[in-house]
Amino acid sequence: MSKQIQLLLVVILTGFSTLAGELEDALISVSAPAGEYVRMPSRYIFQQLEKTAQNSGLPILGGFSIDVQLEGAENKKVTVNFYGMNLVQALDAVALATGTKLEFSGTAAVLADPAAGRIMKPKVVEEPVNEKDDGGKVEFTDIDSALVFVDTGVGSGSAFIAAQDGKTYLFSNQHNFMGANKLEFRSMHSGLVDFDTFEFCRSRDLVRFALNPEKVEDLGVLKLSEKTPYIDQPIVVYGNSAGANVATELRGKVLGVGPRDIEVDADIVSGNSGSPILDSEGNVLGVATYIAFEMKFDKKDERSQIFKGTRFGKARRYGVRIPKDGWIQVDLRPFLQQTYVIADMSSYLEIMHVLVEYWGGDDDYEEAANQILSSYSSRSDRVTAPYEFHSMQTEDDLRLLVKAFKRNYDEFVELVRKADLSKRDLEKLTNPKSLTSSSKVERLDYHIRTTLLSKVRRLQDDLKQNWMSDYLAESAVPLNELSSDLLLKLESEKGLRERIKAVM
């Protein structure tokens, strides 16, 4: 099936943050790892504590981490018995054993020098960073203090700090939050950045976090441009290109201007999502967001000649303009929960797609199917599953499906090969939809098909939600399309003979 336009969204996944008080309350409700750690470097104990918190099933602990700020404490060998402790008590015990003081900051348990007292952070700088007055082009050193790297545990992206409506915000994209297992904002010079409240733009792929001046160190603040961008306007993009955790400079110009988006020719790539697109004075024109790939047509489609040899037939890069209104403040957790649903459903449907094509006899899917069947039909720690799920219930449901598919498919293959069916025998297989068929091969094939069919229908129903933003709703569209394609394949009663021939 051909498509006129294929969009590649520069997706960077992230998790979420909590207030220190909420984090401490959640840690109290989780038991520490059982057992005694004898003369072991502290860093291994920290890893076990982090893993226990993140696997506790409490969403609030999804981004939990331990930040050791006292030099040498990670390598100090200690003996700690965690019997009967919760995680806060266990952290206190480790702090005592390593000679540190336990504090809570954002999503982190901080182990710092006890002599330093409570961790204090200077106020945010509320003035725009080095705005150019001479019309010269902005340089990296003019704005680097306002750049922020986003670490999601599974990828890296970009963000920046700017003033809007008299407040200081950290800006980025909504898609930077899809299915992450942690969230860490780190500024170029001032370490981790905490935030107070979360807002998303309902109609655009944008988010902003209000920053508390008492919790942010020496950060620069960019200024949002009040002017409409214009064609051929010089621009520069600074951000975490390719997620390499180094800031890069991408210069170019504006190619197109719309009420919501701007098109640029700067070579933005994945990792630049959330980067500021700046004018020559260092003011923010928009946020680097997505890439549209070349238009594709069927060979006989005459429209292909219209775009051949033009820049419109190649990859095009876009930024989203930051609106003054349309921002909605919500608790971050329910917003992220919807992103987890989309991420889990995407993985589930991709696995279903592989199984359906493999069952249909497509050899191109054999390797992927074998990996899925070996991974999800066993819970062995030695087997690394190709997909991770946020919902344990969804993963358990998938494992049951994969086990049933593997059992039925193996039996189907064995029956076909034992039967040694001739061409004449294949002609007799004409009633694949009947459970009362005299052929066990037919009945088993029918069972595989209807089991997959009912599962895809249920997944499609799960995608019928009241999505919080237009971006989340748009993210669900390709999943609905994939589920519809699978339903068409599975609802067809044809193909039994081809499936039999594929395993003979």
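Just to be sure before I move on: is Ser29 more than 16 Å from Val110 (Cβ to Cβ), at pLDDT below 80 and among the polar types (S, T, N, Q) in the structure I sent?
Criteria not met by Ser29.
State yes or no: is Gln89 closer than 27 Å to Val150 by Cα, at pLDDT 80 or above and surrounded by fewer than 18 Cβ atoms within 10 Å (Cβ to Cβ)?
no
Using the structure shown, decide if Leu278 is crowded, with 16+ Cβ neighbours inside 10 Å, under 20 Å from Lys314 (Cβ atoms) and either touching a residue at least 40 places away in the same chain (Cβ under 8 Å) or touching a strand residue (DSSP E or B) at 6+ places or on another chain (Cβ under 9 Å) (or both).
Details: crowded, with 16+ Cβ neighbours inside 10 Å: yes; under 20 Å from Lys314 (Cβ atoms): no; either touching a residue at least 40 places away in the same chain (Cβ under 8 Å) or touching a strand residue (DSSP E or B) at 6+ places or on another chain (Cβ under 9 Å) (or both): yes.
It is false that Leu278 is crowded, with 16+ Cβ neighbours inside 10 Å, under 20 Å from Lys314 (Cβ atoms) and either touching a residue at least 40 places away in the same chain (Cβ under 8 Å) or touching a strand residue (DSSP E or B) at 6+ places or on another chain (Cβ under 9 Å) (or both).
Against the definition (at pLDDT below 90 and small (Gly, Ala, Ser)), how does Ser439 come out, yes or no?
yes
Residues that are within 16 Å of Lys324 (Cα to Cα) and over 26 Å from the mean Cα position of the chain (by Cα): does the range 186-207 have at least one?
There is no residue in the range 186-207 that is within 16 Å of Lys324 (Cα to Cα) and over 26 Å from the mean Cα position of the chain (by Cα).
Does Gly319 count as out of contact with any His (no Cβ under 6 Å at 6 or more places or on another chain) and assigned to a loop (DSSP other than H, G, I, E, B)?
no
Scan the range 457-494 for residues that are part of a loop (DSSP other than H, G, I, E, B) and either surrounded by 15 or more Cβ atoms within 10 Å (Cβ to Cβ) or of a type in the set (Lys, Arg) (or both) and jot them down.
Result: Leu463, Lys464, Trp467, Met468, Ser469, Lys494.
Is there a residue being at pLDDT below 90, outside any helix (DSSP H, G or I), acidic (Asp, Glu) and more than 25 Å from the chain's Cα centre (by Cα) anywhere in the range 359-371?
Checked the range 359-371: at least one residue is at pLDDT below 90, outside any helix (DSSP H, G or I), acidic (Asp, Glu) and more than 25 Å from the chain's Cα centre (by Cα).
Mind telling me which of the residues Leu224, Leu211 ends up being surrounded by 13 or more Cβ atoms within 10 Å (Cβ to Cβ) and at pLDDT 95 or above?
Leu224 is the lone residue from the list that is surrounded by 13 or more Cβ atoms within 10 Å (Cβ to Cβ) and at pLDDT 95 or above.
The values are calculated or read from the model by the stated rules, or taken from the named source; none is laboratory data. This is a predicted model, so every value here is computed, not measured. Using ideal geometry, Cβ is built from the backbone for each residue, glycine included, and neighbour counts are taken over all protein chains shown.
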